[in-house]
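J.: There's a structure below that I have some questions on.
Where a number appears in this text, it was derived from the coordinates with a stated rule and is not lab data. These figures come from a predicted structure and were not determined experimentally. A quick note on method: Cβ atoms are made from the backbone with ideal geometry, for glycine too, and the neighbour counts reach across all protein chains shown.
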Amino acid sequence: MGLLYALIMAGGGGTRLWPESRLALPKQLIELFDQRSLIQIAFERVVPLIPPERVLVVTGQRYKDMILEQLPGLPDENVIAEPQGKNTAPAIGLGAVHLRRRDPAAVMAVLTADHLMRKEDTFRAALAAAAQAAASGTPENGTEGGQIVTLGITPSKPETGYGYIERGDQLGQYDGHTVFRVARFREKPDQAAAEQFVRSGRFYWNSGMFIWQTSTVLEEIRRQLPDLYAALTEIEHALGTRQEAEVMSRVWPSIRPISVDYGVMEGARNVTVLPVDPGWSDVGSWSAVYEESQPKSADQNVAQGCEHLAIETQGCLVRSKKLVTTIGLNDLVIVDTDDALLICPRAEAQRVKQIVGRLKEEERAEYL
């Protein structure tokens, strides 16, 4: 088995965490828990298993220096910068050709910069087992071509905000972890379907984390997205040469944006799922930040960065740099920044992205 590398995806905008998450400083770079940013948490979570020299981060060009500042243990050359965001398939492909040039036999774990895992040891054990599976063949093809392994999160409730993975036949065990064939991927369900998924015991949340041999994912890109593969190959040939910057600036803008789910996973071969329960949260809203934050007051309030003087106030998340006083409030999100203030019920926190959409429509770029 080749060495295991991590590719941490850190290019998202995090619009549901506005007004703190902005284009200039997206959610993976702001301090949300324990005075650490999500990219710092993601990096520190993986390095007990994968040393810093084998951790790569793919991000937007504008965030490269900020990431290096926040991750002083990461080698400069391990931050891969995209000139423009092109969605996940091109970003992963770019990481893969960088890695193929460095170590053609590499096993690659595609991870995210904006998730939490309360049980980090459980996560790392599953990652190590998935790497073994990724280097193995499947019964149909013997040892030729590795498995594409997805980490399926054991659902704790019938969540309608996540995609699901339905498992098929059991394929094998790796370090005590069972790997199943993927029967199909399912889009975000309605409430009734989500409840049925959870009752069946055959469905897992799609975490967006994948483990595969670099050669395996690049072969799938070549087979399913030949134009992307041609562009990536041209970039790969220029890596480390004086033409690298020119080729990247010329080729990258022409790449068609497409997600890895649609572009690669739906038509991929040898796709398997390794179920795991690492205490996972995608930190996709201020409500999720509230739920994951500790400690909470006796009235279940969370104050971050400020003093909160609360009278008859329960279940609120308050973020500010000044004293915040509240009277008779329940289950609210209050986020105060230098130029904007958000107040909404915690139950409506997913709708914050609608505010960002309105600001875009009104061309209020100073607030984006």
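J.: Loop only by DSSP, 13 or fewer other Cβ within 10 Å of the Cβ. Give me the trypsin sites (Lys or Arg not before Pro) in region 164-260 that pass, ordered by residue number. Provide the component values of the computation, followed by the final result.
T.: Details: sites: Arg167, Arg181, Arg184, Arg186, Arg199, Arg202, Arg222, Arg223, Arg242, Arg250; in loops: Arg202, Arg242.
Answer in residue order: Arg242.
J.: Given the pairs Lys64/Lys296; Lys188/Lys360; Lys86/Lys353; Lys119/Lys322, which are separated by over 31 angstrom at their Cα positions? Each step should come with its number before you reach the end.
T.: Details: Lys64/Lys296 34 Å; Lys188/Lys360 26 Å; Lys86/Lys353 20 Å; Lys119/Lys322 33 Å.
Among Lys64/Lys296; Lys188/Lys360; Lys86/Lys353; Lys119/Lys322, the Cα-Cα distance tops 31 Å for Lys64/Lys296; Lys119/Lys322.
J.: What is the Cα coordinate range of region 286-367 on the first, second and third principal axes, sorted by size from largest, in whole angstrom?
T.: 42, 24, 22
J.: Now for a separate question. For a distance above 21 Å, tell me the whole-number percent of Cα pairs in region 53-203 that qualify. Can you show the working numbers first?
T.: Working: 6552 of 11325 pairs.
The proportion of pairs with Cα distances above 21 Å equals 58 percent.
J.: How many angstrom lie between the Cα centre of region 76-129 and the Cα centre of region 259-322?
T.: Region 76-129 and region 259-322 have Cα centres spaced 22 Å from each other.
J.: Report, to one decimal in Å, the Kirkwood hydrodynamic radius for region 144-214 based on all distinct Cα pairs. Before the final figure, lay out each step's value.
T.: Values: mean 1/r = 0.0780 Å⁻¹.
After inverting the pairwise mean of 1/r, the radius is 12.8 Å.
J.: Among Ala105, Val247, Phe43, flag the residue with its Cα farthest along the positive direction of the charge dipole of the chain, charges on Cβ as +1 for Lys/Arg and -1 for Asp/Glu.
T.: My answer, from the dipole projection, is Ala105.
J.: With a cut-off of 15 Å, note down the residues of region 256-275 whose backbone N falls inside the zone around a label point 7 Å from the Cα of Glu234 toward its beta carbon.
T.: The answer is 256-257, whose backbone nitrogens lie closer than 15 Å to the label point.
J.: Still on this structure, please answer the following. Quote the charge dipole size of region 286-367 about the Cα centre in Debye, to the nearest 20; the model charges only the Cβ of Lys and Arg (+1) and of Asp and Glu (-1). Each step should come with its number before you reach the end.
T.: Details: 10 positive and 14 negative charges, 21 e Å.
Charge dipole, region 286-367, about its Cα centre: 100 debye, nearest 20.
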